[in-house]
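Quick notes on the structure that follows.
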Amino acid sequence: MKLINMKNIISITIIALLWSCSYSFTGSSVPPHLSTIAIPIVKDKSGSGEPSLSNDFTQNLTDQFFDENSLQVVNSINSDAILIVTILSMPERTEVVSGENEKATERRITINTKVVYKDLVLKKTIFDKRISNYATFDASQNYTDNRQDGIERAINQVALDILLAVVADW
């Protein structure tokens, strides 16, 4: 009988510990008076020559906010907050060199942005910071396709970092 009670106590303790360790970013640092956000088209000042960079970044960022759901994305006329993102640069460099001819087999694309998050209700800037992230891609074959995939993954990483900066104060 004592063994069964001890097992129950241990089981309940483990469940309680696991439950208390769970957490969520949803709304954790969003001021309570903000419920909507505008995300204008991302400005591309990178000089990268990527024709769809601005639109792809805007779409990915907007999708991340829709999926996260702590702030409703609306047009700027009806918004409580606005997120202004500018792509400053998109450097690309060789990450891995291999083979007899020492050819680049892996390359790295970094996207550097400036992000301004403004509270339109209180008319103040919540933050103005630079956020960067990167992705690598296989440069040894299908270079163009792999590079485009690398750009898309880098966009996704930076957009996620921006989302976390807004909703989780990272």
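Brief remarks follow.
- None of I131, I151 is assigned to a strand (DSSP E or B), modelled with pLDDT of 95 or more, within 16 Å of the chain's Cα centre (by Cα) and not hydroxyl-bearing (S, T, Y) except I131.
- One residue stands out among those in segment 134-148 that are touching a residue at least 40 places away in the same chain (Cβ under 8 Å) and outside any strand (DSSP E or B): the one that is farthest from the chain's Cα centre (by Cα), which is A139.
- The residues of segment 133-160 that are within 21 Å of V97 (Cβ to Cβ), of a type in the set (S, T, N, Q) and out of contact with any helix residue (DSSP H, G or I) (no Cβ under 8 Å at 6 or more places or on another chain), listed by number, are S140, Q141, N142, T144, N146.
- Checked against the criterion of being touching a Gly at 6+ places or on another chain (Cβ under 9 Å) and either of a type in the set (K, R) or under 29 Å from P32 (Cβ atoms) (or both), segment 90-97 contains not a single residue that satisfies it.
- Of all the listed residues (S46, S98, S11, S28), the sole one being modelled with pLDDT of 95 or more and either in contact with a Cys (Cβ under 9 Å, 6 or more places away or on another chain) or among the hydroxyl-bearing types (S, T, Y) (or both) is S46.
- Among the residues of segment 148-165, those that are aliphatic (A, V, I, L, M) and more than 13 Å from T113 (Cβ to Cβ) comprise I151, L164.
- Within the set V167, V158, V115, the sole residue that is in contact with a Gly (Cβ under 8 Å, 6 or more places away or on another chain), closer than 24 Å to F66 by Cβ and crowded, with 17+ Cβ neighbours inside 10 Å turns out to be V167.
- Test: S54 is over 21 Å from T125 (Cα atoms) and modelled with pLDDT under 55: no
- Counting only residues that are within 23 Å of T110 (Cβ to Cβ) and surrounded by fewer than 16 Cβ atoms within 10 Å (Cβ to Cβ), segment 41-83 holds 8 of them.
The values are calculated or read from the model by the stated rules, or taken from the named source; none is laboratory data. This structure is a prediction, so every number in the text was calculated from the model and none was measured. For neighbour counting, all protein chains shown are included, and Cβ atoms are generated from backbone atoms with ideal geometry for every residue, glycine included.
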